[in-house]
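Asks: Here's a structure for you.
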Amino acid sequence: MSVILNENIANNVSFKELSEQGVTSEQLLNWSAPIDLVERYEMNNRSLELFYNCSSPWFGSKCQYRFVYNSTLSFNEIVKASVDSRSDIILNVSVTTCYRFLSNCDRGPWSLCLDWRQICNGKVDCMNGEDEQWCEILEMTTCTDDEYRCHYGGQCIPMTFAQDGYSTTDCLDGSEEREFRSPYSSLTNSFCGSVISFQCEERINRYPLSFPCGDGQFLSETDLPVNVMRCFNWRNREVTLAMLTSFDHIKDIKCRQAFRCSLLSNRSYSK
């Protein structure tokens, strides 16, 4: 969970004061300081930037985070508890990551908060389009001849990392590897519903016409109403409920009427 409160902070000290006390970068890491803050301290330990020393169990640049699990658990135990709780999260689909830096994002009938993967993904998710503003000025990288350019993420990775196995994904969009697809399912990366790994959790959409489940899984097509195929976390079901609860998100009246007629004409498909 994330919240910034004064009681989360034991004390705060400037880089200059830390340096005068002989505190090293390694000590800051042992105190669970963020890596980027430790790097800044290493480059300039005479600045007045503040280090927030967090009270247990809080952590983060301003002590704004803590695990929802028992603070006595080790990190490995917390990861295992997160994996084991996946089946419970299915029953409470509102448990999800939230991108909290777009304060004016009105999602309309969509109940879940905005996920980081939905920023600058070419699809408008906020009613005012705020999530797709200024995306064209994002820095574009130029890869060298011995590097592979990821298709949608724009990252550059060593060419030797490309096509070295779908279990070792390096691009955020996974475009350098062939995805795991079952011949009996339209769900890509079905294993991602039950594991926590980089290739599942840190994934952006590689398929513009597919439905991203938000956990590394992708539906090649989405039925309305939801029939057999579904995301492990039921995310596509929540989208269906939002779309069928209200048509206010469709501004064009003729388009709204056509959408309603299409649903009515196919309602026998999934009773």
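Asks: Conditions first: (1) crowded, with 18+ Cβ neighbours inside 10 Å; (2) out of contact with any strand residue (DSSP E or B) (no Cβ under 6 Å at 6 or more places or on another chain). THR188 passes all but one, so which condition is the exception?
Replies: All conditions pass for THR188, except number (2).
Asks: How many of the residues in the stretch 26-65 are buried (at least 17 other Cβ atoms within 10 Å of the Cβ), over 15 Å from ASN8 (Cα atoms) and in contact with a Phe, Trp or Tyr (Cβ under 7 Å, 6 or more places away or on another chain)?
Replies: The total comes to 4.
Asks: Follow-up question, since we're still on this one. Which one is farthest from GLU238 (Cα to Cα) among residues in the stretch 114-162 that are among the hydroxyl-bearing types (Ser, Thr, Tyr) and crowded, with 16+ Cβ neighbours inside 10 Å? Even if it seems obvious, please write down each step before you answer.
Replies: Filtering the stretch 114-162 down to residues among the hydroxyl-bearing types (Ser, Thr, Tyr) leaves 141-142, 144, 148, 152, 160.
Subsequent filtering for residues that are crowded, with 16+ Cβ neighbours inside 10 Å retains 148, 152.
Numbers: TYR148: 36, TYR152: 26 Å.
Applying the filter and picking the extreme gives TYR148.
Asks: OK, next. ILE204 - would you say it is touching a residue at least 40 places away in the same chain (Cβ under 8 Å) and closer than 30 Å to ASN76 by Cα? First the steps, then the outcome.
Replies: Details: touching a residue at least 40 places away in the same chain (Cβ under 8 Å): yes; closer than 30 Å to ASN76 by Cα: yes.
It is true that ILE204 is touching a residue at least 40 places away in the same chain (Cβ under 8 Å) and closer than 30 Å to ASN76 by Cα.
Asks: Could I ask something else about it? Of all residues in the stretch 1-58, count the ones that are among the polar types (S, T, N, Q), touching a residue at least 24 places away in the same chain (Cβ under 8 Å), more than 23 Å from ILE78 (Cα to Cα) and in a loop (DSSP other than H, G, I, E, B). Lay out the reasoning, then the answer.
Replies: The first filter runs over the stretch 1-58 and keeps only residues among the polar types (S, T, N, Q), leaving 2, 6, 8, 11-12, 14, 19, 21, 24-25, 27, 30, 32, 44-45, 47, 53, 55-56.
Now drop any that are not touching a residue at least 24 places away in the same chain (Cβ under 8 Å), which leaves 2, 8, 11-12, 14, 19, 32, 44-45, 47, 53, 55.
Still in the running and more than 23 Å from ILE78 (Cα to Cα): 11-12, 14, 19, 44-45, 47.
In the following step, the residues that additionally are in a loop (DSSP other than H, G, I, E, B) were identified as 44-45, 47.
Total meeting the criteria: 3.
Since every read-out is calculated from the coordinates, none of them should be taken as a lab result. As the structure is a computational prediction, the values presented were derived from the model and not from experiment. Positions of Cβ are backbone-derived with ideal geometry, glycine not excepted, and every protein chain shown enters the neighbour counts.
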